[in-house]
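The values are calculated or read from the model by the stated rules, or taken from the named source; none is laboratory data. Not measured: the values here are computed from a predicted model. Methodologically, a virtual Cβ is constructed for each residue, glycine included, from the backbone with ideal geometry; neighbour enumeration extends over all protein chains shown. Ligands, DNA and RNA are excluded from the accessible area calculation, which covers all protein heavy atoms including side chains. Shrake-Rupley method; radii C 1.70, N 1.55, O 1.52, S 1.80 Å.
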Amino acid sequence: MKSYPMIIGGKAVETGSTIAVINPALGEPFAQVHAADAALADVAVAAARAAFPAWSATPDAERSRLLHALGSALDSHTPELMELVTCETGKPLRGLNDVGAGMELAGAIAWTHFTADIPLEPELVQDDEQARVEVHRKPLGVVASITPWNWPLMISIWHVIPALRAGNTVVIKPSEYSPVAVSRFVELANAILPPGVLNVVNGAATVGAALTGHPDVNKIVFTGSTRTGKQIMSGASATLKRLTLELGGNDAGIVLPDVDVKAVAPKLFGAGFHNNGQTCACLKRLYVHDSQYEAMCEELARLARNAKVGNGLDAGVDLGPVQNRAQLDIVNALAVDAREAGGHILAGGKPLESKGFFFEPTIVAGLTNGSRLVDEEQFGPILPVVRYSDVDEAIRLANDNPNGLGGSVWSTDSAAALAVARRLECGTVWINEHGAVQPNAPFGGVKQSGIGVEFGKHGLAEFTSIQTVKISKS
Ligand code: ADP
């Protein structure tokens, strides 16, 4: 079984302890990574701190050039990294609507190149006979990045590249469930970046908490569950660290009654089931008008029954396994509860007989807000379809949730869709699509889905502090 070291201060670090990484399609380990403890997390932070003065003083154009070189390294190692992502997450190499490991690599590369070119110029807010006032952006120092298991490489890129671009140094702790592709990426990156600029440590909550509470870490960028986000915020409060938290979502989609059901259903299915529903901004609750409810449910159930589930390394597979056993148990418990709560399982409804963590793509009708499957984030291949009779009611039900990451409205009438969209309580709203993020548009949650945004110039700014410079002329 291949073993991956951590990279700290530019050196490969192996320890006595390792984490076995399970391939969820087989239910057995395929690789292992070396693991840190809190003391080694301190060493990594010290390495990042030591590298900070030189990296932050490196001319912007040179940092940009090196980040483009990281993008090229991802590009030239795409087949290897795709296979690692598929083995550790279960997601197919290509997958439903091409949203698989290939897209994860393509996204990682695109975000890297785009972010490398975002300008960070000072802003002039006043220049008159009294004074010249400029707003400058400075790096924060050491950034700790803590990432989840669903899009391990792409989310790491979302954290690391803007942090480095702005002149910070980084310690990344990937999820203990999926640390392999990130470990390999950091190894590749260290052939390009100066030592200590980008470090990786492996471990679970204790290593994450060691970074969160560390006095020499200036910012935490975290993507993961709302529960863990709250713990991180609390751990970061002692030293008043800057935070970007991208947390859970329970995204609602509202289908207005004018749509062509057959044309829209495949798009809705893709929005709910890509990556097996394990994306923070997947469509997780679907509100459909009375007049089209049966037809839409039937069409979605047909698509669910036809989706090909299997090992993501095999050609033609749409959906892989759920990423880990604990998540499979959550999805199954929600299916059991949905049945007991009076939901009609129109397709799927149970785990597949397998050593892997497979669950049948599942469509549930007949539930509404107040049932667990509608109120809680399922993060798996099971979608509740909720009936509504007037649009105001649908908007109320969509907003009746502590989460506020994304939302969508589906209609042929773009003015009507926009009017509904603007009333949804969420950080991004899509019309006639759902969950499509892009490197130039800020993305983040409102309510309990997070703090701050990622991507584009707004996301980049979160890795800086403002220094206002006033030059008096009087
Ligand atoms: P999930 O496993 O569902 O993605 P988590 O939010 O538990 O959700 O995990 C996301 C990341 O947060 C992982 O890298 C995990 O190891 C890390 N983590 C878990 N608990 C803590 C904690 N208390 N402090 C810091 N990091 C944590």
In order through the range 390-404: 3J(HN,Hα) via Karplus (6.51 cos²θ - 1.76 cosθ + 1.60), integer Hz, x for Gly, Pro | 9, 5, 4, 5, 4, 5, 4, 5, 4, 7, 7, 7, x, 7, x
Fraction of beta bridges assigned by DSSP in the range 1-150 that are antiparallel (%, nearest 5) | 80 percent
DSSP beta bridge pairing in the chain, given as percent antiparallel to the nearest 5 = 40 percent
What residue among Pro152, His458, Val45 has its Cα farthest toward the positive end of the dipole of the chain, where the charges are +1 on Lys, Arg and -1 on Asp, Glu, each on the Cβ?
-> Val45
Once a ≥ b ≥ c are taken as the square roots of the eigenvalues of the Cα gyration tensor of the range 12-121, is the result rounded (a/c under 1.5), prolate (a/b larger than b/c) or oblate (a/b not larger than b/c)?
-> oblate
On the accessible surface of the chain, probed at 1.4 Å, how many percent belong to carbon and sulfur atoms?
-> 54 percent
May I ask what percent, to the nearest 5, of DSSP beta bridges between residues of the range 252-438 are antiparallel?
-> 15 percent
Roughly how many whole Å is it from the C-alpha centroid of the range 389-420 to that of the range 53-88?
-> 39 Å
Using a 1.4 Å probe on heavy atoms of the protein chains only, the accessible area for Leu93 in Å², nearest 10, reads 50 Å²
Residue-by-residue Karplus 3J(HN,Hα) for the range 467-473, coefficients 6.51, -1.76, 1.60, Hz, glycine and proline x | 10, 8, 10, 10, 10, 6, 10
Val170's amide H: which non-local residues (gap 5+, or another chain) put their own amide H closer than 5 Å, with H modeled 1.01 Å from N in plane and none for Pro or chain starts?
-> Val143, Leu198, Asn199
For Val322, residues with placed amide H under 5 Å, excluding near neighbours = Phe357, Phe358, Phe359
What's the center-to-center distance, using Cα atoms, between the range 188-220 and the range 89-103 in Å?
-> 28 Å
Taking H placed 1.01 Å from N in the peptide plane, check which residues at least 5 places from Gly435 or on another chain put their amide H under 5 Å from its amide H.
-> none
The answer for the chain, accessible area per residue at 1.4 Å probe in Å², is 38 Å²
Given unit charges at Cβ for Lys, Arg (+) and Asp, Glu (-), the dipole magnitude of the chain about its Cα centre in debye, nearest 20, is 880 debye
Excluding residues fewer than 8 places away in the same chain, name every one of the lysines whose C-alpha is closer than 24 Å to that of Lys2.
-> Lys11, Lys91, Lys173, Lys355
Note, ³J(HN,Hα) from phi for the range 249-256, Karplus 6.51, -1.76, 1.60, rounded to Hz, x at Gly and Pro = x, 9, 5, 9, x, 10, 9, 6
